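**Q** Let me begin by handing over the structure; questions about it come next.
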Amino acid sequence: MLYFYFGQEDFNIELELQKLKTKVVDKSFLSTNYRVYDNPRYQELIDVLRTPSLMFGNVLAVINCEKYFFDSKGKISFEDKELKEIEETIQTMPETLHIAFVCRIERESTKKIDTRRKLYKILSKYASVTEFPEYKPYQKELASWIQKQAKKKELIFSSDVVQFLIE
């Protein structure tokens with residue numbers, strides 16, 4: 001299974017990754033079946049996409065891929081031939097392999113994922129894509145999101161406290 005998470009809300013991305021890790025990887029094999037990669041180059045990416053589990057159960061590989069989408073120092077781009085092989089490898093991934101591509105975008109930046117890139121098109125075709133946009137202080141959803149997060153920790157915040165946190 002393939003996932004693509006991107007956006008400015010790092011906290012929500014981390015929550016989603018934690019849920020995925022809990023759902024997919026057996027706690028007994030966490031040290032061998034959960035891995036994080038930072039912007040792997042082509043050959044390492046192909047190796048990750050072909051990785052079977054070392055023990056029993058599912059493997060979850062998190063691939064931080066900011067350098068695939070943004071012009072920055074050390075930008076990584078793939079040739080058409082490489083993109084074709086990446087797509088073919090994704091199509092034949094082992095069922096026990098779960099890959100989460102994660103692209104964190106700086107808060108308050110104007111950067112956006114370039115949806116015209118071939119890599120984005122490949123990921124959006126085969127992956128479950130979720131965007132985590134930045135919450136703005138004036139958004140009504142922010143107050144309910146804070147209440148929801150507090151409730152998960154068995155806390156209760158009055159609306160005044162929530163408003164104070166937002167301010």
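**Q** Counting only protein heavy atoms, what percent of the accessible surface of the range 57-166 is carbon or sulfur at a 1.4 Å probe? List each step's numbers first, then the result.
**A** Values: 3620 of 7120 Å².
Percent of accessible area from carbon and sulfur atoms in the range 57-166: 51.
**Q** Something else now. Where the only charges are on Cβ atoms (+1 Lys, Arg; -1 Asp, Glu), what is the dipole of the range 1-82 about its Cα centre, to the nearest 20 debye?
**A** Details: 11 positive and 13 negative charges, 59 e Å.
Dipole of the range 1-82, to the nearest 20 debye: 280 debye.
**Q** Here's another thing I want to ask about it. How far apart, in nanometres, would the label points at LYS19 and LYS125 be if each is projected 7 angstrom from Cα along the Cα-to-Cβ direction?
**A** Between LYS19 and LYS125, the label points sit 2.8 nm apart.
**Q** With a ≥ b ≥ c taken as the square roots of the eigenvalues of the C-alpha gyration tensor of the range 76-130, please select rounded if a/c is under 1.5 and otherwise prolate if a/b is larger than b/c or oblate if it is not? Display every interim value, and only then the final one.
**A** On the way: a/c = 2.47, a/b = 1.48, b/c = 1.67.
It comes out oblate by the Cα gyration axes.
**Q** Read through the labelled values (i) 18.4; (ii) 17.6; (iii) 17.1 and report the label of the one computed as Kirkwood radius over Cα pairs in Å from the structure.
**A** Computing Kirkwood radius over Cα pairs in Å and matching it to (i) 18.4; (ii) 17.6; (iii) 17.1 gives (ii).
**Q** Can you tell which of LYS153, LYS23, LYS81 shows the greatest fluctuation in a Gaussian network model of the chain with Cα springs below 10 Å?
**A** Most flexible of the set in this elastic network: LYS153.
**Q** Using +1 at the Cβ of each Lys and Arg and -1 at the Cβ of each Asp and Glu in the range 1-151, identify which of ILE105, GLN18, SER144 lies farthest towards the dipole's positive end.
**A** Of ILE105, GLN18, SER144, it is SER144.
**Q** Next question, about the same structure. Which length gain, in nm to one decimal place, applies between GLU79 and SER109 when the Cα-Cα distance is subtracted from 0.36 nm times their residue separation?
**A** Numbers: separation 30, 0.36 × 30 = 10.80 nm, distance 2.79 nm.
Full extension of this stretch gives 8.0 nm more.
**Q** Highest first, please rank the peptides 93-106, 112-125 by the mean number of other Cβ atoms sitting within 10 Å of their residues. Show your work: numbers first, answer last.
**A** Numbers: 93-106: 18.8, 112-125: 15.1.
Descending packing order for the listed peptides: 93-106, 112-125.
**Q** Would you list which aspartates and glutamates come within 17 Å of LYS112, measuring only between C-alpha atoms, while excluding same-chain residues fewer than 8 positions from it?
**A** GLU9, ASP10, GLU66, ASP71, GLU131, GLU134
**Q** Taking 0.36 nm per intervening residue step and subtracting the Cα-Cα distance, what contour gain separates ASP26 from MET1 on full extension? If you can, show how the numbers build up before the last one.
**A** Values: separation 25, 0.36 × 25 = 9.00 nm, distance 1.60 nm.
That pair, ASP26 and MET1, stretches by 7.4 nm at full extension.
**Q** Right, here's the next one. With N denoting the number of residues in the range 84-167, provide Rg(C-alpha) divided by 2.2 N^0.38 Å, to two decimal places.
**A** Numbers: Rg = 18.7 Å, N = 84, 2.2 N^0.38 = 11.8 Å.
It is 1.57.
**Q** To the nearest 20 debye, what charge dipole does the chain have about its Cα centre, counting +1 at the Cβ of each Lys and Arg and -1 at the Cβ of each Asp and Glu? Intermediate results must be reported in sequence, preceding the final value.
**A** Working: 27 positive and 26 negative charges, 32 e Å.
Magnitude of the dipole: close to 160 debye.
The values are calculated or read from the model by the stated rules, or taken from the named source; none is laboratory data. From a predicted model like this one, the values you see are computed outputs, not experimental measurements. All Cβ positions, glycine included, derive from the backbone under ideal geometry; neighbour counts span all protein chains shown. Accessible surface is based on the protein model in full, side chains and every heavy atom, while ligands, DNA and RNA are left aside. Shrake-Rupley method; radii C 1.70, N 1.55, O 1.52, S 1.80 Å.
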